[in-house]
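Please read the structure below before turning to the comments.
The values are calculated or read from the model by the stated rules, or taken from the named source; none is laboratory data. Quick caveat: nothing in here was measured; it's all calculated off a predicted structure. All Cβ positions, glycine included, derive from the backbone under ideal geometry; neighbour counts span all protein chains shown.
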Amino acid sequence: MKPSLRVEALLLAAGAGTRLGGNKLDLPFRGKPLMMHALEALLACSSIDRVTVVVRPGTEVRCSSPRCQVLVNPEPEHGQAGSLVLGLAALAPSCRSVVLSLADLPLTSPGLISELLTLHRQSNRAALRPVYRGRPGHPVIVAHTLLPSLLTLEGDEGCKGFFSRHPEVVELVEVEDPAVVRDVDTPADLRELCGHA
C-alpha cells in the first residue's frame, strides 16, 4: 500500500528564459544549475512528502531522491498555466496542501518554506502568499479545496490572475526575507544575485 501524500510541492521549471538567451535554469549559480537550488530547498523540508518538477522538453533534472518526480510539459510555449495544470493533475488524491514555487527563485530556504506551511495550517484562508515590502512572492501554499478552480486556468495566467479575481481566498503574509521575490529573469538579475552570493 502506497503511503499517504498529504503535502506536495510543485516546482514550475518550463519557462523559456528568452531574456537570458535560453534555458536560464541551467545557468550555473553557486556551483550548480540555478534550478537545483529551488528543488533542493523543497526536498530539504521534511514536511513535504513529494516534489513534482515540471520542465520543458530537453531539460535534464539530476535528482536521485525518491521524493522527486519530473513531468515534461510538451507545449510550454502555451504559458505557465499549462505547467501548473499538468503538475496539479499529477498530485496524489490524498494531498491536502500544495507548495507552488518557481525554479528561478534560488535563494528560498527550507526554513522559510516550513514557516509558510505552518502559517498556512493556522490560517482560515485556502491560500497563503508571502509578501516582501509590498511585492507578492513565492512559494504560495494552496489548500486542496482550491485545486478544482486552479485546474481550469489557461494561458500565461498562473495563480496571480486567479488571486486577483478572488482575493478573499488568499492571506498575504509580510516576510522579511527578500528571497521570495528574488527571481532571475534578466542578465542583470543574475549579476546582482551572483554579487550577493
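Brief remarks follow.
- Candidate set: segment 54-111, residues that are assigned to a strand (DSSP E or B) and among the polar types (S, T, N, Q); chosen: the one surrounded by the most Cβ atoms within 10 Å (Cβ to Cβ): Ser101
- Within the option set Arg62, Arg50, being modelled with pLDDT of 95 or more and not acidic (Asp, Glu) holds for one residue only, Arg50.
- Only one of the numbered conditions (1) assigned to a helix (DSSP H, G or I); (2) buried (at least 16 other Cβ atoms within 10 Å of the Cβ); (3) in contact with a His (Cβ under 9 Å, 6 or more places away or on another chain) is violated by Ile141, and that is (1).
- Hits in segment 127-138 - residues which are touching a Phe, Trp or Tyr at 6+ places or on another chain (Cβ under 9 Å) and surrounded by 21 or more Cβ atoms within 10 Å (Cβ to Cβ): Ala127, Arg129
- Some residue of segment 61-68 being among the charged types (D, E, K, R), more than 24 Å from Glu176 (Cβ to Cβ) and touching a Lys or Arg at 6+ places or on another chain (Cβ under 6 Å): yes
- Number of residues in segment 23-53 that are part of a loop (DSSP other than H, G, I, E, B) and closer than 16 Å to Leu100 by Cβ equals 4.
- Screening Leu107, Leu147, Leu116 for residues that are within 24 Å of Ser46 (Cα to Cα) and either in contact with a strand residue (DSSP E or B) (Cβ under 6 Å, 6 or more places away or on another chain) or among the basic types (Lys, Arg) (or both) leaves exactly one candidate, Leu116.
- Consider segment 160-179 and keep the residues that are touching a strand residue (DSSP E or B) at 6+ places or on another chain (Cβ under 6 Å) and at pLDDT below 95. The one that is farthest from Ala89 (Cα to Cα) is Pro178.
- Residue check for Leu27: in contact with a Lys or Arg (Cβ under 8 Å, 6 or more places away or on another chain) and modelled with pLDDT under 95: no
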